[in-house]
1. Can you pull out the residues in segment 67-83 that are in a helix (DSSP H, G or I) and small (Gly, Ala, Ser)?
2. Identify all residues within segment 52-93 that are open to solvent by 50 Å² or more (accessible area, probe 1.4 Å) and basic (Lys, Arg); write none if there are none.
3. Which condition from (1) at pLDDT 90 or above; (2) assigned to a helix (DSSP H, G or I) is the one that Leu62 breaks?
4. All but one of (1) part of a helix (DSSP H, G or I); (2) surrounded by fewer than 20 Cβ atoms within 10 Å (Cβ to Cβ); (3) at pLDDT 85 or above hold for Tyr28; which doesn't?
5. Return the residues of segment 35-86 that are under 18 Å from Pro22 (Cβ atoms) and without any contact (Cβ under 8 Å) to a residue 12 or more places away in the chain; say none if nothing qualifies.
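The values are calculated or read from the model by the stated rules, or taken from the named source; none is laboratory data. Being a predicted model, the structure only gives us computed values, none of them experimental. Cβ sites come from the backbone with ideal geometry, for glycine too, and all protein chains shown count toward neighbours. Ligands, DNA and RNA are stripped out before the accessible areas are found, and what is left, the full protein with its side chains, is counted by its heavy atoms. Shrake-Rupley method; radii C 1.70, N 1.55, O 1.52, S 1.80 Å.
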Amino acid sequence: MAQAERRIVESLGRVKGDFLIPTRTLEYLRNGASEGTRNDELLAAAIQLRDAQIPEAEVYQLCSARASMDGLSETEARATIRSCYSRPRRDPI
């Protein structure tokens with residue numbers, strides 16, 4: 001992961017709005033996902049970041065880089081992230 005992306009991941013660990021980014025999401029962004037779970041993990045991370053009010057363009061930049069490192073195509077990553085942003089944000093717990 002590039003240094004700029006690493007800083008974004010580290011900064012995401014802080015509170016964003018009313019949301020705290022879950023450890024699972026940060027671990028995915030740092031370490032990726034294994035074959036068979038890549039798309040599900042990408043979607044879960046994108047949903048958490050969307051709920052934390054991170055703009056779609058930022059989520060795409062961060063998550064598509066991770067997805068690419070995990071072997072997903074840009075088309076797959078874009079479609080997954082776009083589908084997450086087509087749904088309403090969840091309320092904080």
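1. We begin by selecting, within segment 67-83, every residue in a helix (DSSP H, G or I); these are 67-69, 74-83.
Selection gives Ala67, Ser68, Ala77, Ala79, Ser83.
2. Answer for segment 52-93, where residues must be open to solvent by 50 Å² or more (accessible area, probe 1.4 Å) and basic (Lys, Arg): Arg78, Arg82, Arg87, Arg89, Arg90.
3. Exception for Leu62: condition (1).
4. (2)
5. Hits for segment 35-86 are Thr37, Asp40.
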